[in-house]
Amino acid sequence: MAAHIPSSQRALHPFLLTLAFLPASMGQTDQCSNVTAAQVAGLDAYSCSAIDEKCFGDMPEDAFKGFSEVCVSNWNGNGIQGITAKQLSKVPKESFGGWSSNIEYMGPACAGITADQASYLTDEHACEALGQDCFTAMTPEAYGGFTKECVANWRENELGASVTAKDISAIDPKAVKGLNDHDISVWTEQCAGFSEKQLVELTDLACSALSAPCLQSIPDKSCKGLFNSKSGVCQTAYQMCGKKGKSSGSGSSLVFAGSLLMNSASFIGMVSSNIIIGSAKFLVRIFIGLLLVAAILASCHNHIRRVYLMAAYEHVPDIPDADCERGRQP
């Protein structure tokens, strides 16, 4: 007697066979165009890695709701290029945690990424692999979902002109701290998107990388973030922020550069002073210790000398008085 197979499994079976045993011919079948989210949810890692570009392109948008984190992590680069923005937007946010370096093949389709999905991009390799096409395609809303950890792993050479002022304005202030490890000196007019809450989170390294055109593009009301920063370099950058920087011109740029050098020199000087002071205290302690050791050795030397003389005196023979008197006579 044959085992009973539920109808849902019977519908899934041909699709799994196509993916597992006939990956080269997937683009020539109509299985992918009829697949459902429930069927996709049953795919194993091997089957997910076998999906090609045409199969992804033929899939209904709602079918992408069934993809798991494991499945996403096994998508191959060639197949990924067949995914559209609408299809990508249907992938569960939790499944975005499966992205790794394979996300580098995702270009214009990144326009479909949502803020919730972006918040699950936590893998270091995935955040490093985000390319210029993806950054350009993403909406400002998507930028609002990025975490500090992901931002810290963005490749600075992929940012540049890809990021707009609206994109920057959407980044969470807490995530802006991730920009501290990046050279953002290539940003100019995009800096108009910085808000006060974002700028107050920047540190010395980030503020030292902000160019004069960038600072001059920042709205005056946002400049207060630099003024209220705990960073000395950021407070110096405030002098070039907004209208102040535009009205000051190139002369102020020189002042700003000089101020940055002075702040850096002050920081280095402070560290050096602490090292010198610490070293001096250490040397004084060593000197005092050596004096104590010398005193102890001197005391021991005198004691040993006295003992030696006493011992020598005890072995000197007594000389009769008569002999002494004869010794004094001429």
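Residue-by-condition table, conditions (1) without any contact (Cβ under 8 Å) to a residue 60 or more places away in the chain; (2) open to solvent by 40 Å² or more (accessible area, probe 1.4 Å); (3) out of contact with any His (no Cβ under 8 Å at 6 or more places or on another chain); (4) closer than 28 Å to residue 229 by Cα:
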| residue | (1), (2), (3), (4) |
| --- | --- |
| 107 | yes, no, yes, no |
| 132 | yes, yes, yes, no |
| 159 | yes, no, no, yes |
| 168 | yes, no, yes, yes |
> So which residues in the stretch 172-193 are touching a Pro at 6+ places or on another chain (Cβ under 9 Å) and part of a loop (DSSP other than H, G, I, E, B)?
Replying inline: 187, 188
>> For a quick check of your reading of the model, give me the residue pairs whose first member lies in the stretch 74-88 and is crowded, with 21+ Cβ neighbours inside 10 Å and modelled with pLDDT of 95 or more, whose second is in a loop (DSSP other than H, G, I, E, B) and not hydrophobic (A, V, I, L, M, F, W, C), with beta-carbon atoms closer than 6 Å and at least 6 apart or on different chains.
In response: 79/52
> Here are some residues: 179, 199, 205. Which one is open to solvent by 20 Å² or more (accessible area, probe 1.4 Å), in contact (Cβ under 8 Å) with a residue 24 or more places away in the chain and among the hydrophobic types (A, V, I, L, M, F, W, C)?
Replying inline: 205
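What are the residues in the stretch 216-238 that are part of a helix (DSSP H, G or I) and under 15 Å from residue 201 (Cβ atoms), if any?
Passing the criteria: 222, 223, 224, 225, 226, 227, 233, 234, 235, 237, 238.
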>> Condition first: modelled with pLDDT of 95 or more, more than 22 Å from residue 207 (Cβ to Cβ) and part of a helix (DSSP H, G or I). Can you find one or more residues in the stretch 142-159 that meet it?
In response: yes
> Of 96, 135, which residue is more than 18 Å from residue 157 (Cβ to Cβ) and within 22 Å of the chain's Cα centre (by Cα)?
Replying inline: 96
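The values are calculated or read from the model by the stated rules, or taken from the named source; none is laboratory data. These figures come from a predicted structure and were not determined experimentally. Methodologically, a virtual Cβ is constructed for each residue, glycine included, from the backbone with ideal geometry; neighbour enumeration extends over all protein chains shown. Heavy atoms of the whole protein, side chains included, go into the accessibility calculation; ligands, DNA and RNA do not. Shrake-Rupley method; radii C 1.70, N 1.55, O 1.52, S 1.80 Å.
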